[in-house]
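Data first, discussion second: the structure below is written as structure tokens.
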Amino acid sequence: MKFLFKKRILVPVVMCGIFFSTTAFRNDFFEIAKQIEIFTTLFKEINMNYVDETNPGDLMDVAIKSMLSELDPYTNFMNEQDVEAARINNTGDYTGIGAKIRTFKDRLVIIEPYKDYPADKAGLKAGDEIIKIGNTLIEGYKDNAGDLLKGAPDSTIEVVYKRQGKTQTANIKRAEVEIKAVPHFSMINDKTGYIVLSKFNRKASAETNYALRDLKAQGAEKIVLDLRGNPGGLLSEAINIVNLFVPKGQLVVTTKSKVKKYNKTYYTKKNPVDTEIPLVVLINGRSASASEIVSGSLQDLDRAIVVGSRSYGKGLVQRPKPLTYGTQVKITISRYYTPSGRCIQSLDYWNRNDKGEAVRVKQENYNEFKTKNGRKVYDGGGVLPDVVVGTNKKSPITKAIINNNLIFDYATSYHYKNDIKDINSLKLNDKDFQNFKNFLKTNNFTFETSTEKALYKAFEASKKEELNDNIEKDFKTLISNLNKSKTTVIDENKDYLLELLTENIVKQYAYREGLYEYYKIHDSEIKKASEILSNPTSYQGYLK
């Protein structure tokens, strides 16, 4: 009896006493409990006593998002729909119509039908605007309308859509959709294989492994691994992909956190496929997270030459934590460090400027590290390629053009106006660029710069102070000059905009598969990679 008393009651009580008596924990626990009690009381009083009707769910959603916005953009609350979307992203499987769709306020737009999947077989094309699914009108539908397209395999759904102003109807038979991590692999020439890795879901390393072995069987003696535009994903898959090219037992990444259990070192655990085959990794400004672990680690280990433009710079690791009612919170738990010891995080979310924006780490504050062979590499701003091709510098005005979907809309318009027999021969010229600028005007594209905002604010202040009569002429001249400058900025970004337009147009004619074939012929980064790999002396020179 005494033994049971000690085991079941006394020991747990003593352990809890030790646990809660720890000074740091006691202070944190008290502060958390105090703030929860304040918030709970406030939330109850607001919802019970506010003069108008309140929606507790909406208020809580705003409260949670406002709180998390003070941290970083990767720490997010995930409702049940978000959790399901994350599951699909990680597994790469779902049941639906097989198309990439963008949701607008009152419509769904097909961005990209996947080749040979239900939407494609039913005749839907990029740019089609879905206005009705079954008996449900998209306009005014409050929930996520895209979920209406999902359903049981082999079930049929009627879709009403608009194409170039004409309303059409299609019956689509849903099917299992597999989103490939490796959407394309093929030979660039008789000795060089090309692998596109677009995401790090649970199939990423298996699909890359298969592609690598298949290409070697076809005669590949060199490999180009394309991580451009890959936003990342599962850390474990990044380690497994590095493991394809480096020996078992090699350090790939270290994570460091304030929570001790998240401080980990990750080593390769399997036998590699090939530790000798010459390798070039392509990255750009949209290569992030797991893409940077792979490219940064292979660079640190002098196992690959990195080509392209500087990567995004996301050196933070997230982990989902389950909450109640099927929700989750994805929390940034640690920073990761490549084998040389560098963290490539580019934005400092814990030091913000006057506008509340995260401060970018300045180049003069980068720290130097050494690769396995002693080459200099740096932290703080993403992975800097060994060979820089292209640039990531985009002006605010070009970002506005992209965010307003005008690149995609022009590509859709171009597709319906031009009959191209051989898409691989496409090369946009000055006339096409002028047509695009005219398209921007026709679609009333406007962009107010920070300079304009400041000028308008100053002019409004001058009215109150009755000074506007003296400066109105100068004000109008300045605004006119600013508008001319916008046109100049668009012209300065001509090459970048034409590149985006070309990619979108090619996909509309030949799907994503056709875009990769187009890349192999025209892409400057692939050309540079092939040039480096064709010269063994040059290749080794970069690594030394």
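If I ask for residues that are in a strand (DSSP E or B) and either of a type in the set (D, E, K, R) or open to solvent by 30 Å² or more (accessible area, probe 1.4 Å) (or both), which ones from segment 315-331 would you list? If you could, list the steps in order and put the result at the bottom.
Within segment 315-331, the subset in a strand (DSSP E or B) is 316-322, 328-331.
Within segment 315-331, Gln318, Arg319, Pro320, Lys321, Pro322, Gln328, Lys330, Ile331 meet the criteria.
Which ones in segment 283-305 are more than 23 Å from the chain's Cα centre (by Cα) and part of a loop (DSSP other than H, G, I, E, B)?
Passing the criteria: Leu301, Asp302, Arg303, Ala304.
I'm told Phe245 meets every condition in (1) touching a residue at least 40 places away in the same chain (Cβ under 8 Å); (2) part of a helix (DSSP H, G or I) except one. Can you identify the failing condition by its number?
Single failed check for Phe245: (2).
Quick one: how many residues across segment 384-401 are at pLDDT 90 or above and either of a type in the set (A, V, I, L, M, F, W, C) or within 19 Å of Asn504 (Cα to Cα) (or both)?
Summing the residues that are at pLDDT 90 or above and either of a type in the set (A, V, I, L, M, F, W, C) or within 19 Å of Asn504 (Cα to Cα) (or both) in segment 384-401 gives 5.
Out of the residues in segment 372-383 that are on the phi < 0 side of the Ramachandran plot and buried (at least 19 other Cβ atoms within 10 Å of the Cβ), which is modelled with the lowest pLDDT?
Once the filter is applied, the top-ranked residue is Gly381.
Return the total of residues in segment 316-334 being touching a residue at least 60 places away in the same chain (Cβ under 8 Å) and under 18 Å from the mean Cα position of the chain (by Cα).
7
Give the residue that is farthest from Val317 (Cα to Cα), with candidates limited to residues of segment 69-86 that are part of a helix (DSSP H, G or I) and either touching a strand residue (DSSP E or B) at 6+ places or on another chain (Cβ under 7 Å) or not acidic (Asp, Glu) (or both).
This residue is Gln81.
Please find, among Phe77, Phe39, the residue that is within 21 Å of the chain's Cα centre (by Cα) and either at pLDDT 70 or above or surrounded by 10 or more Cβ atoms within 10 Å (Cβ to Cβ) (or both).
Phe77
Take the residues in segment 461-485 that are more than 22 Å from Ser395 (Cβ to Cβ) and either aliphatic (A, V, I, L, M) or assigned to a loop (DSSP other than H, G, I, E, B) (or both); name whichever of them is modelled with the highest pLDDT.
If we take residues in segment 461-485 being more than 22 Å from Ser395 (Cβ to Cβ) and either aliphatic (A, V, I, L, M) or assigned to a loop (DSSP other than H, G, I, E, B) (or both), then Ile471 is modelled with the highest pLDDT.
Six or more apart or on different chains, Cβ atoms under 9 Å: show the pairs whose first residue is in segment 167-182 and at pLDDT 95 or above and whose second is of a type in the set (Phe, Trp, Tyr) and open to solvent by 90 Å² or more (accessible area, probe 1.4 Å).
Val182/Tyr210
Looking at segment 47-68 only, could you name the residues that are without any contact (Cβ under 8 Å) to a residue 12 or more places away in the chain, in a helix (DSSP H, G or I) and open to solvent by 70 Å² or more (accessible area, probe 1.4 Å)?
Passing the criteria: Met48, Asn49, Asp58, Val62, Met67.
Within segment 217-244, how many residues are in contact with a strand residue (DSSP E or B) (Cβ under 7 Å, 6 or more places away or on another chain) and modelled with pLDDT under 95?
Total satisfying the criteria: 4.
When you scan segment 349-460 for strands (runs of 3 or more DSSP E) that lie fully inside it, which ones turn up with 2 or more residues that are under 26 Å from the mean Cα position of the chain (by Cα) and touching a residue at least 24 places away in the same chain (Cβ under 8 Å)?
Those strands (runs of 3 or more DSSP E) span 376-378.
Give the number of residues within segment 225-242 that are surrounded by 24 or more Cβ atoms within 10 Å (Cβ to Cβ) and assigned to a helix (DSSP H, G or I).
Of the residues in segment 225-242, 4 are surrounded by 24 or more Cβ atoms within 10 Å (Cβ to Cβ) and assigned to a helix (DSSP H, G or I).
Being of a type in the set (Lys, Arg) and modelled with pLDDT of 80 or more is the filter; apply it to segment 85-112 and report the residue that is nearest to Arg174 (Cα to Cα).
Top of the filtered list is Lys100.
Among (1) under 19 Å from Tyr74 (Cβ atoms); (2) at pLDDT 95 or above, where does Pro278 come up short?
It fails just one condition, (1).
If I filter segment 335-345 down to residues being hydroxyl-bearing (Ser, Thr, Tyr) and in contact (Cβ under 8 Å) with a residue 60 or more places away in the chain, which single residue comes out as nearest to Val377 (Cα to Cα)?
Per the criteria, the residue is Thr338.
Looking only at segment 524-535, filter to residues that are open to solvent by 20 Å² or more (accessible area, probe 1.4 Å) and under 23 Å from the mean Cα position of the chain (by Cα); which one of those is farthest from Asp386 (Cα to Cα)?
Taking segment 524-535 and keeping what is open to solvent by 20 Å² or more (accessible area, probe 1.4 Å), we get 524-525, 527-528, 530-531, 534-535.
Adding the requirement that they be under 23 Å from the mean Cα position of the chain (by Cα) leaves 524-525.
On the way: Ser524: 15, Glu525: 12 Å.
So the residue we want is Ser524.
For segment 97-136, give me each residue that is open to solvent by 40 Å² or more (accessible area, probe 1.4 Å) and either among the β-branched types (Val, Ile, Thr) or closer than 17 Å to Lys166 by Cβ (or both).
Result: Ile101, Thr103, Arg107, Lys125, Glu129, Ile131, Lys132, Thr136.
Based on this model, can you work out whether Glu139 counts as open to solvent by less than 30 Å² (accessible area, probe 1.4 Å), acidic (Asp, Glu) and either without any contact (Cβ under 8 Å) to a residue 40 or more places away in the chain or closer than 29 Å to Gly232 by Cα (or both)? Show your work before the answer.
Numbers: open to solvent by less than 30 Å² (accessible area, probe 1.4 Å): no; acidic (Asp, Glu): yes; either without any contact (Cβ under 8 Å) to a residue 40 or more places away in the chain or closer than 29 Å to Gly232 by Cα (or both): yes.
Judged against the criteria, Glu139 is not a match.
The values are calculated or read from the model by the stated rules, or taken from the named source; none is laboratory data. What you see is a predicted model, and the numbers here were worked out from it, not measured in a lab. As a convention, Cβ positions derive from the backbone with ideal geometry for all residues, glycine included, and neighbour counts pool all protein chains shown. The protein model used for the area step is the full one, side chains on, heavy atoms only, and it has no ligands, DNA or RNA in it. Shrake-Rupley method; radii C 1.70, N 1.55, O 1.52, S 1.80 Å.
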